[in-house]
Amino acid sequence: MVSFLICLVLLIGGYFTYGKVIDNTLGPDDRETPAVRINDGIDYVVMPQWKLFLVQLLNIAGLGPIFGAMQGALWGPVVFLWITFGTIFAGGVHDYFAGMLSERNDGASISEICGIYLGNGMKTVMRVFSVVLLVMVGTVFAVGPAGLIVTLFQNSGFTGIVTSKEFWLWIILVYYFIATFISIDKIIGKIYPLFGICLIIMAVGVAFGIFTNPAYTIPELWTHFYNMHPSGTPIWSFMFITVACGAISGFHATQSPLMARCMKSEKQGHMVFYGAMVCEGIIALIWAAAGCSIYEVTGGLNTGLQAALANGQSAAIYDVCVKTMGGVGIALAMLGVIACPITSGDTAFRSARLTLADWFKINQDKFQKRLVLCVPLLLVGAFVGHLDYSIVWRYFSWTNQTLAMIVLWAASMYLFHQKKNFWVTVVPATFMSAVSCTYFLLGNECLGQFLNSKDAAGAVIYNTAVAYPVGIIFAAVLLFIFLRTTKKQAAKK
């Protein structure tokens, strides 16, 4: 428990110390923001800081810091380190610059931001990456809740259409259409702060349940500093891809421009962007601690947690809430596993609409023009929603962290042009480049299906002898290219 508390203190302290360093590096000023200058009553709407923070938290969170952190707990308390230092030095930095660079470029989508600082080729790549990622996020965050709603009705003895997953999937997609289409302050700005508060209360309740139950003990890092994954899956780079939203996530870069279009002052960025990421890191830390402490450990491996996760994300979250909070936990679990993913799904589709609008230069002030983008997006989402859920999620994971890598390189180039300390973004960009490349080589949905092998029992033997050095070399090459490019550009001035 001591190591957990140390990580918790580091996260909180990181907001006030390193978060302030990042804020001072960019240097927020009193310039007129897009929300004030462009205010269109639809996407550019001024909202108070407390509401911006809670909406941003819910937009970037969903089930990411909950289920992803529990999956990360399969590797043991070593996951605490990634959540803590990943949040402070990578995730918070990534979210802050994604939001603030959007704010300084008229609230532009992240794909346009990357194009400005990395060139038109990267702009095209990011446009495709962003839209594909956002549709996948919106879809998986519709299928999951639809399945849980069906389960709840079936367990309550209901029959008929209310026990049809197809029915609820379309209900959720219709809601997505409405939330994607109308003004951001009509639904998102009004009810999302409430759900954001519930997400925080849910995490606090889980933490309280762990601390007050003598049967649950959070293992210490110094006594469990090894790989506790029952399947022997390598920590590098699988854990760094699995625990995405709880440490760093490219999906956040697609969401931050939503709030960048609603800020009254640049000085709100520290709390809204960096602060929301730290809050998400704390939530992830608590859920990782739950995964490490509640379930049985056999032979030094987290076999009990693996069995719980095998029942599905909704069932696993429900189980933790019941074990830590009892009857109250059931209500919070239902809110968490239904409302939270839905509220991230609809903003994912909203971001996809805005990305396409920026891409094809389609003004969004007229409802007819919003319809042109909303209808096709939701139809594609409906199609993807009928594909294999697990396959969609696996591709989302790698795409997500690769997008984060690109955003950090874009922020690095911006800081270079502004003659500011670009190492605050270059270091995490280089790190995430190694993570993304290594996973691409090892993941079975990527090149791992060709590079990996299996033993006599059918267990995967990961080809780390190839993937690890290649990942490091790839990151080093990108760092070399960046430094060489900046040196050349500096020489021309």
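The values are calculated or read from the model by the stated rules, or taken from the named source; none is laboratory data. Computed from a predicted structure; not experimentally measured. Backbone-built Cβ (ideal geometry, glycine too); neighbour counts: all protein chains shown. Protein only, heavy atoms only, side chains kept; ligands, DNA and RNA dropped before computing areas. Shrake-Rupley method; radii C 1.70, N 1.55, O 1.52, S 1.80 Å.
Which whole-number percent gives the relative contact order of segment 284-378, counting Cα pairs below 8 Å spaced six or more residues apart?
Over segment 284-378, the number comes to 13 percent.
Give me the aspartates and glutamates in straight-line cross-link reach of residue 419: C-alpha distance below 17 Å, same-chain residues under 8 apart excluded.
23, 29
Per DSSP H run of n ≥ 4, the term is -39500 (n - 2.57); total these for the chain, divide by its residue number, and report the mean residue ellipticity at 222 nm rounded to 500 deg cm²/dmol.
-22500 deg cm²/dmol
Could you calculate the FRET efficiency of residue 483 with residue 106 from 1/(1 + (r/R0)^6), where r is the beta carbon distance between them and R0 is 30 Å, rounded to 0.05?
So, using R0 = 30 Å, E works out to roughly 0.50.
Just how far, in whole angstrom, is segment 225-266 from segment 132-206 if you go by their alpha carbon centroids?
The distance from the Cα centre of segment 132-206 to that of segment 225-266 comes to 21 Å.
Just the number please: accessible area per residue for the chain, 1.4 Å probe, all protein chains included, in Å².
38 Å²
For segment 396-493, with all protein chains present and a 1.4 Å probe, just round the carbon and sulfur fraction of the accessible area to a whole percent.
68 percent
Once phi is turned into θ = phi - 60°, what whole-Hz ³J(HN,Hα) does the Karplus curve with 6.51, -1.76 and 1.60 give for every residue of segment 64-75, x standing for Gly and Pro?
x, x, 9, 6, x, 5, 5, 5, x, 5, 4, 7
Using Cα pairs under 8 angstrom and six or more residues apart, how large is the relative contact order of the chain, in percent?
Once divided by the residue count of the chain, the mean separation gives 29 percent.
Treating only the Cβ of Lys, Arg, Asp and Glu as charged (+1, +1, -1, -1), what charge dipole size does the chain show about its Cα centre? Round to the nearest 20 debye.
Using Cβ point charges on Lys, Arg, Asp and Glu, the chain gives about 1280 debye.
Summarise the accessible area of segment 9-92 (1.4 Å probe, protein heavy atoms) by the percent that is carbon and sulfur.
Here it works out to 65 percent.
Explain nothing, just the number: relative contact order of segment 1-92, from Cα pairs under 8 Å at least 6 residues apart, as a whole percent.
The value is 50 percent.
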